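Read through the structure below, which is laid out as structure tokens, and then see the notes.
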2 protein chains.
Amino acid sequence: MATPNLDVVGIGNAIVDVLVPSTDTFLSNHELKKGIMALVDENRADALYRAMGSGVEASGGSCGNTMAGIASLGGKGAYIGKVRDDQLGKVFAHDMRAIGVRFDTAPLTKGPATARCLILVTPDAQRTMNTYLGACVELGPEDIDPALIQSAQVTYLEGYLFDPPRAKEAFRKAAKIAHDAGRKVSLSLSDPFCVDRYRDEFRDLVANHVDILFANESEICSLYEVNDFEDAVNRVRGNADIAVLTRSEQGSVVVTRDREHRIPVHKADSVVDSTGAGDLYAAGFLYGLTNGKDLVTSGKLGSLAAAEVISHYGARPETPLKDLAKKAGLL
Amino acid sequence: MATPNLDVVGIGNAIVDVLVPSTDTFLSNHELKKGIMALVDENRADALYRAMGSGVEASGGSCGNTMAGIASLGGKGAYIGKVRDDQLGKVFAHDMRAIGVRFDTAPLTKGPATARCLILVTPDAQRTMNTYLGACVELGPEDIDPALIQSAQVTYLEGYLFDPPRAKEAFRKAAKIAHDAGRKVSLSLSDPFCVDRYRDEFRDLVANHVDILFANESEICSLYEVNDFEDAVNRVRGNADIAVLTRSEQGSVVVTRDREHRIPVHKADSVVDSTGAGDLYAAGFLYGLTNGKDLVTSGKLGSLAAAEVISHYGARPETPLKDLAKKAGLL
């Protein structure tokens, strides 16, 4: 087997974000649960879009954001995800390639449009997401190129992939190819309600197929149906080889079979929009891990990347993370 | 004739911006002239887009930005401009309506796509614009609703309208309807190279058909082919009833037949991206003028609106201008 020439290949729902400043009143008037990702059909997406304010469009998707972060740190990555050959699909593909991430998944030439996520940002910097999956529902195992998976040290999968009907087959195929090639498999739990939807499958994955797990406090508590974070830490220990648990302003914890590393939060200049914080933490951590850094340094890179992305509007870095990491003495 | 119920109706090229951070090296490698708007065909737009970095999409267009500013100040406006019924056209229409601006121009159902402007923002906050006019080339006199023009105190036209082939007919039709109804006609010269392209027509318009003219220093100097700003001031005096001349950090001058008012610049918190500065100055001034403010206060409202828009990425206000203007004691 050849030496892997990529750090990470990511598989995710390829989504263009529509970012709109909003208010608590708007959320309650439209029965939207703050901080959560809700799946919406096209009619609901259109109705919400009509009701909401003027927005800005930017390429997004949880795993897409992570790959953008890895590229911003100087890492080598590829992305697998499904768009249509429409205007927003071309924007998504352009943005991925423009940051140096390989993206070769064939776009749909008919059927549903490129996925959109209507993201309402409230003054408390929380984001409330409404995703119309569109073309993502067509991602399937035929989109997984074995040679690409084999060429990466880590295959990174977002939990949201369990929402579209055939993507989990792609997910499982990729994980098997990666392991057969001696590579690592990483999973992000994505969202506590996503965990609710697929708890049994996620528990099985974490116990048997995932080497590096990412979850925030509410996701890991949801996975094990516990209320206390330390209970969740004890439950996850020894399941995934490495469990990376993020706790917003309380920092993060990296849990291995026999160790726990508590990583302090990297202070953000300001907190404007929390969209992408978890995605960028994963980016920093995976970049560190695939580039010879220890677990603590990898965690600090995650914290640094998260701090950058919450300091401005939008879910992808604006300042090159490599420069910030060098300045912080982490690279 | 009924009392006008709108402050301003604007007519312009309906464009979605693609904002990309860039460098002087990129500009010179691609033979782009800094600070200028260049018209590009679809092939050149695609080639530039492929070469440029990851971007953010936002509704723009010079006059569209002005109408957004008027709405942000609490003004009542309508917009006339041509999009296609594609994804970016829907984004443009949504954003216009979401800020409270009436927008009823029928979209194209076939033919060229919604216009895009690839805007390269260099670290000195200058923007270099490359416009693919797309659907804008189909704007024509049939898109001018006489009742709408009659219902507004001011009809505001961007000079860029002279670029697409039939829009100038729409422009002249609207100006005539406005004057026949006792309304005012306002023109922005848009860009010094735009003035170069249509100098004779613009001179005739300014001398005979325009009540309120907006131009920056290089545009007004280009109009009269003079090198000295004060020469240009003397030339424009008595042509348009009101000539509003902006000079970046040197403030602005409002010139009438018998008076000159020098308006100091409104200090921006920071200067990030100059895109939209002139458009927003026009917004503040026109809002003031149509809401009973004197020329000096109107100019200060223009300066305030311009200061907001250059303090962040993108060409439309992020903070409600009405709040800022109240805080500054201008409303």
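The table below gives the values:
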| quantity | calculated |
| --- | --- |
| Filter result for the condition that a residue is at pLDDT below 95 and in contact with a helix residue (DSSP H, G or I) (Cβ under 9 Å, 6 or more places away or on another chain), over A:V271, A:V195, A:V255 | A:V271 |
| Subset tally (residues that are touching a residue at least 40 places away in the same chain (Cβ under 8 Å) and assigned to a helix (DSSP H, G or I)) for the stretch B:142-161 | 7 |
| Residues within the stretch A:67-122 that are in a loop (DSSP other than H, G, I, E, B), within 11 Å of another protein chain (Cβ to nearest Cβ) and of a type in the set (A, V, I, L, M), tallied | 3 |
| Subset of the stretch A:218-232 (residues that are crowded, with 18+ Cβ neighbours inside 10 Å and more than 23 Å from A:K168 (Cα to Cα)) | A:A232 |
| Criterion: outside any loop (DSSP other than H, G, I, E, B) and within 12 Å of B:S248 (Cα to Cα) - qualifying residue of B:A268, B:A306 | B:A306 |
| Residue count for the stretch B:2-40, restricted to those that are at positive phi and either of a type in the set (G, A, S) or touching a Lys or Arg at 6+ places or on another chain (Cβ under 9 Å) (or both) | 1 |
| Sole exception among (1) of a type in the set (A, V, I, L, M, F, W, C); (2) over 30 Å from A:E249 (Cβ atoms); (3) more than 14 Å from every other protein chain (Cβ to nearest Cβ) for A:L157, by number | (2) |
| Members of the stretch A:163-190 that are free of Cβ contacts under 8 Å to residues at least 40 places away in the same chain and in a helix (DSSP H, G or I) | A:K168, A:E169, A:R172, A:K173, A:A175, A:K176, A:I177, A:A178, A:H179, A:D180 |
| Selection status of A:T131, among the β-branched types (V, I, T), surrounded by fewer than 23 Cβ atoms within 10 Å (Cβ to Cβ) and more than 14 Å from chain B (Cβ to nearest Cβ) | no |
| Search result, residues across the stretch A:307-324 that are farther than 12 Å from A:D279 by Cβ, hydrophobic (A, V, I, L, M, F, W, C) and in contact with a Gly (Cβ under 8 Å, 6 or more places away or on another chain) | A:L321 |
| Filter result (of a type in the set (K, R) and touching a helix residue (DSSP H, G or I) at 6+ places or on another chain (Cβ under 9 Å)) within the stretch A:289-331 | A:K293, A:K300, A:R316, A:K322 |
| Matching option when the condition is at pLDDT 95 or above, under 21 Å from B:V18 (Cβ atoms) and more than 18 Å from the chain's Cα centre (by Cα), among A:A98, A:A106, A:A115 | A:A98 |
| Residues within the stretch A:311-323 that are buried (at least 21 other Cβ atoms within 10 Å of the Cβ) and part of a helix (DSSP H, G or I), tallied | 1 |
| Candidates B:S54, B:S22, B:S59, B:S28, filtered to the one that is polar (S, T, N, Q), touching a residue at least 40 places away in the same chain (Cβ under 8 Å) and more than 30 Å from B:I177 (Cβ to Cβ) | B:S22 |
| Single residue of A:P164, A:P141, A:P107, A:P112 found to be over 27 Å from A:V271 (Cα atoms) and touching a Ser or Thr at 6+ places or on another chain (Cβ under 9 Å) | A:P107 |
| Scan of the stretch A:260-291 for residues that are crowded, with 24+ Cβ neighbours inside 10 Å and of a type outside the set (A, V, I, L, M, F, W, C), ordered by number | A:T275, A:G276, A:G278, A:D279, A:Y281, A:G284, A:Y287, A:G288 |
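Let's see how each residue does on (1) within 12 Å of chain B (Cβ to nearest Cβ); (2) exposed (fewer than 15 other Cβ atoms within 10 Å of the Cβ); (3) touching a helix residue (DSSP H, G or I) at 6+ places or on another chain (Cβ under 6 Å); (4) assigned to a strand (DSSP E or B):
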position: A:V8; (1), (2), (3), (4): no, no, yes, yes
position: A:N13; (1), (2), (3), (4): no, no, yes, no
position: A:D17; (1), (2), (3), (4): yes, no, no, yes
position: A:L27; (1), (2), (3), (4): no, no, no, no
position: A:L32; (1), (2), (3), (4): no, no, no, no
position: A:N43; (1), (2), (3), (4): no, yes, no, no
position: A:S54; (1), (2), (3), (4): yes, no, yes, no
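The values are calculated or read from the model by the stated rules, or taken from the named source; none is laboratory data. It should be emphasised that the depicted structure is a prediction, and the values quoted were computed from it without experimental measurement. Ideal geometry is used to build each Cβ from the backbone, glycine not excepted, and the neighbour counts take in all protein chains shown.
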